[in-house]
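The values are calculated or read from the model by the stated rules, or taken from the named source; none is laboratory data. Please read these numbers as outputs of a predicted model, since none were measured by experiment. Note: ideal-geometry Cβ built from the backbone for every residue, glycine included; neighbour counts use all protein chains shown.
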Amino acid sequence: MARPTRHKRKGRRQSSPPSREEIVSIGALGGAGDGVADIAGKTVHVPFVLPGEKAKISVQGQRVKLLEILEVSANREEPQCMHFGPHGDRCGGCALQHLPTADYTSWKLEKVHKSLSQARLTEVEVLPLKTSPLESRRRASFAIERQAGEIVCGFHERQTHRLIGLKECLILLPALFDARQHIVKVLRSLFEAHPGLKLSVHITAVDNGLDTDISGPLHDEDLSLQQRQHLAALLPDTPIKRLTINGDVFWQGEQPVISLAETPVPLPPRSFLQATKQGEVALQEIVRSGTRGAKKIADLFSGCGTFTFAALAEGASVHAVESDASAIQAINQARKLSGQPVTTEMRDLFHQPLMPPELNTYDAVIIDPPRAGAEAQAQQLARSNVQKIISVSCNPKTFARDAAILVGGGYSLEAVQPVDQFLFSPHIEVAGIFTKG
């Protein structure tokens with residue numbers, strides 16, 4: 001059956017609001033790392049500035065663009081990357097390279113303090129920040145398109161669709177940065193056949209090479225047999241071990257493998273991993289500390305087993321619970337190869353949390369939910385008799401919200417450990433150990 005034709009309704013095209021220039025004084029750094037200023041009683045957020053500076057900006061609707069820094073803070077640090085800031089190519093990947101290390105660390109810790117304070121957890125100690133080194137990030141999403149006959153693979157300029165061709169990056173593993181040239185080589189024929197094509201490329205550095213997923217308006221029917229053969233012929237000469245298109249495997253020369261607590265795990269396409277190996281190890285150390293002595297452990301929102309295998313100790317067993325079928329399959333494959341005492345369960349913990357009778361069979365529970373947190377599961381944990389809960393979160397606000405629920409149920413939280421895997425960004429992870437009795 002032919003698809004019905006959709007007719008677009010004709011009408012006036014909405015014009016962009018006019019741009020105007022303003023001179024502002026920066027009072028503080030906001031939650032996203034931008035400077036906060038006031039224009040006629042309205043708050044605006046200005047990128048690449050510091051408190052105490054005066055700046056000329058352009059305002060167009062909701063978009064604020066820094067034009068010039070008129071008064072420079074003595075606290076300003078020279079950015080290390082050529083792409084950062086108003087005088088670089090304005091890569092949107094970093095927000096805070098101009099902030100001195102001590103101030104940067106204090107700002108990130110303050111985000112954790114503020115979240116705890118808002119949840120009335122003012123007595124909880126915030127431990128010193130554990131920070132990943134430069135050139136350590138092992139996964140990234142790039143945009144790729146054709147510009148003036150050249151294929152560009154990089155990051156977008158802040159608040160725009162303008163793609164920046166990167167010449168350097170302080171954040172990415174060198175292998176991840178160099179992966180862009182392999183992607184361009186492999187995909188060149190596709191962009192020649194489809195000149196207006198725009199794609200996203202997610203690359204993960206794994207133990208044995210690179211796992212790559214292409215997403216966007218590209219499907220099997222868009223590729224001719226000749227194009228498919230051409231792509232497949234090029235891939236073996238690159239570090240790419242698997243290429244998926246919108247999550248579906250197009251080519252695999254070797255199963256991508258990632259070691260989680262020294263256990264080799266076959267990585268499913270588009271899998272979540274901690275951003276850096278150093279950050280992963282720091283969080284695993286907290287999990288090991290919290291589960292020490294426990295014999296029966298539950299790992300909730302387990303993913304592919306980042307903490308499942310880290311929690312294993314002599315005589316201990318771990319039950320991993322996760323809603324993603326491919327992640328559960330990965331844990332099961334790793335368990336079969338290693339012979340470790342791990343069981344699995346596929347379950348949506350947002351809508352079907354473990355209840356107190358189930359939770360009470362465990363000595364310790366690990367919980368590592370997405371950014372939204374795990375409010376429903378925290379409410380059930382608060383009603384349980386589990387002796388130790390180790391909570392890991394990429395969002396201090398939802399961590400604090402869920403922590404308050406646990407404390408209200410009789411748990412104590414003495415300290416939280418902030419972990420910075422996202423250098424020069426506003427993001428930070430936290431972990432804490434809750435005890436009962």
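From the residues in region 345-373 that are outside any loop (DSSP other than H, G, I, E, B) and without any contact (Cβ under 8 Å) to a residue 40 or more places away in the chain, which one is farthest from GLY437 (Cα to Cα)?
Per the stated criteria, the residue is MET346.
For region 384-396, does any single residue satisfy the condition of being in a helix (DSSP H, G or I) and either without any contact (Cβ under 8 Å) to a residue 12 or more places away in the chain or surrounded by 16 or more Cβ atoms within 10 Å (Cβ to Cβ) (or both)?
If we filter region 384-396 for residues that are in a helix (DSSP H, G or I), which is where we start, we get 396.
Next cut, either without any contact (Cβ under 8 Å) to a residue 12 or more places away in the chain or surrounded by 16 or more Cβ atoms within 10 Å (Cβ to Cβ) (or both) only: 396.
The answer is yes, given that some residue of region 384-396 is in a helix (DSSP H, G or I) and either without any contact (Cβ under 8 Å) to a residue 12 or more places away in the chain or surrounded by 16 or more Cβ atoms within 10 Å (Cβ to Cβ) (or both).
Inside region 22-63, can you point out the residues that are of a type in the set (Ser, Thr, Tyr) and in contact (Cβ under 8 Å) with a residue 24 or more places away in the chain?
Of the residues in region 22-63, the ones of a type in the set (Ser, Thr, Tyr) are 25, 43, 58.
Listed by number, the residues that qualify are SER25, SER58.
Just checking, does region 305-324 include any residue being surrounded by fewer than 23 Cβ atoms within 10 Å (Cβ to Cβ), over 20 Å from ALA364 (Cβ atoms) and at pLDDT 95 or above? Break it down into steps so the answer makes sense when it comes.
Our first condition is that a residue be surrounded by fewer than 23 Cβ atoms within 10 Å (Cβ to Cβ); within region 305-324, this holds for 312-317, 319, 323-324.
Checking which are over 20 Å from ALA364 (Cβ atoms) leaves us with 323-324.
This time we only want the ones that are at pLDDT 95 or above, so: 323-324.
Within region 305-324 (the criterion being surrounded by fewer than 23 Cβ atoms within 10 Å (Cβ to Cβ), over 20 Å from ALA364 (Cβ atoms) and at pLDDT 95 or above), the answer is yes, since at least one residue qualifies.
Quick one: GLN333 ticks every box in (1) closer than 16 Å to ILE258 by Cβ; (2) surrounded by 18 or more Cβ atoms within 10 Å (Cβ to Cβ) bar one, so which box is it?
Every condition holds for GLN333 apart from (2).
Can you tell me which condition VAL201 does not meet? The list is (1) part of a helix (DSSP H, G or I); (2) modelled with pLDDT of 90 or more, and all the others hold.
(1)
Within the set of pairs 6 or more residues apart or between chains, which connect a residue that is among the small types (Gly, Ala, Ser) inside region 149-165 to a residue that is outside any strand (DSSP E or B) with Cβ atoms less than 6 Å apart?
Partner pairs satisfying both residue conditions: GLY154/LEU166.
Take ARG228 and tell me if it is over 30 Å from THR131 (Cα atoms) and within 26 Å of the chain's Cα centre (by Cα). Steps first, please.
Details: over 30 Å from THR131 (Cα atoms): yes; within 26 Å of the chain's Cα centre (by Cα): no.
Against the criterion (over 30 Å from THR131 (Cα atoms) and within 26 Å of the chain's Cα centre (by Cα)), ARG228 does not qualify.
Here are ILE366, ILE331: which of them is over 20 Å from the mean Cα position of the chain (by Cα) and β-branched (Val, Ile, Thr)?
ILE331
Can you tell me which residue among LYS54, LYS8 is modelled with pLDDT of 95 or more, among the basic types (Lys, Arg) and over 29 Å from GLY165 (Cα atoms)? Working first, answer last.
Working: LYS8 fails: modelled with pLDDT of 95 or more.
Going through LYS54, LYS8 in turn, the sole match is LYS54.
Which condition breaks for SER271 when tested against (1) modelled with pLDDT under 95; (2) more than 27 Å from ILE171 (Cβ to Cβ)?
(2)
Mind checking which residues of region 46-87 are β-branched (Val, Ile, Thr) and in a loop (DSSP other than H, G, I, E, B)? Let's see the steps before the verdict.
Within region 46-87, the subset β-branched (Val, Ile, Thr) is 46, 49, 57, 59, 64, 69, 72.
Residues satisfying the conditions are VAL49, VAL72.
If we scan region 96-103, do we find a residue that is more than 27 Å from ILE203 (Cβ to Cβ), among the acidic types (Asp, Glu) and free of Cβ contacts under 8 Å to residues at least 24 places away in the same chain? Let's see the steps before the verdict.
Let us first name the residues in region 96-103 that are more than 27 Å from ILE203 (Cβ to Cβ), namely 98-103.
Then keep just the ones that are among the acidic types (Asp, Glu); that gives 103.
Now narrow it down to the ones that are free of Cβ contacts under 8 Å to residues at least 24 places away in the same chain: none.
There is no residue in region 96-103 that is more than 27 Å from ILE203 (Cβ to Cβ), among the acidic types (Asp, Glu) and free of Cβ contacts under 8 Å to residues at least 24 places away in the same chain.
Among (1) over 19 Å from CYS81 (Cα atoms); (2) under 18 Å from the mean Cα position of the chain (by Cα), where does GLY216 come up short?
(2)
Can you tell me which residues in region 196-208 are more than 19 Å from GLN274 (Cβ to Cβ) and of a type in the set (Gly, Ala, Ser)?
Narrowing region 196-208 to residues more than 19 Å from GLN274 (Cβ to Cβ): 196-201.
Passing the criteria: GLY196, SER200.
Somewhere in region 213-220, is a residue touching a Ser or Thr at 6+ places or on another chain (Cβ under 6 Å), modelled with pLDDT under 95 and closer than 28 Å to THR276 by Cβ? Outline the logic, then answer.
Quick first cut of region 213-220, residues touching a Ser or Thr at 6+ places or on another chain (Cβ under 6 Å) only: 213, 215-216.
Narrowing further to those that are modelled with pLDDT under 95: 215-216.
Filter again for closer than 28 Å to THR276 by Cβ, leaving 215-216.
There is at least one residue in region 213-220 that is touching a Ser or Thr at 6+ places or on another chain (Cβ under 6 Å), modelled with pLDDT under 95 and closer than 28 Å to THR276 by Cβ.
Of the numbered conditions (1) out of contact with any helix residue (DSSP H, G or I) (no Cβ under 8 Å at 6 or more places or on another chain); (2) farther than 26 Å from PHE272 by Cα; (3) part of a helix (DSSP H, G or I), ALA376 fails exactly one; give the number of that condition.
Here ALA376 clears every test but (2).
Cβ contacts < 8 Å: first residue at pLDDT 95 or above, restricted to region 125-140; second residue charged (D, E, K, R), any location; separation 6+ or different chain. Result?
So the pair list comes out as GLU125/GLU414; LEU129/LYS108; LEU129/ASP420; LYS130/ASP420; THR131/ASP420; SER132/ASP420; SER136/LYS277; ARG138/LYS277.
Every residue in region 273-283 that is of a type outside the set (Asp, Glu) and either crowded, with 20+ Cβ neighbours inside 10 Å or in contact with a helix residue (DSSP H, G or I) (Cβ under 8 Å, 6 or more places away or on another chain) (or both), please. Working first, answer last.
Looking only at region 273-283, we keep the residues that are of a type outside the set (Asp, Glu), and these are 273-279, 281-283.
Across region 273-283, the qualifying residues are LEU273, GLN274, ALA275, THR276, GLY279, ALA282, LEU283.
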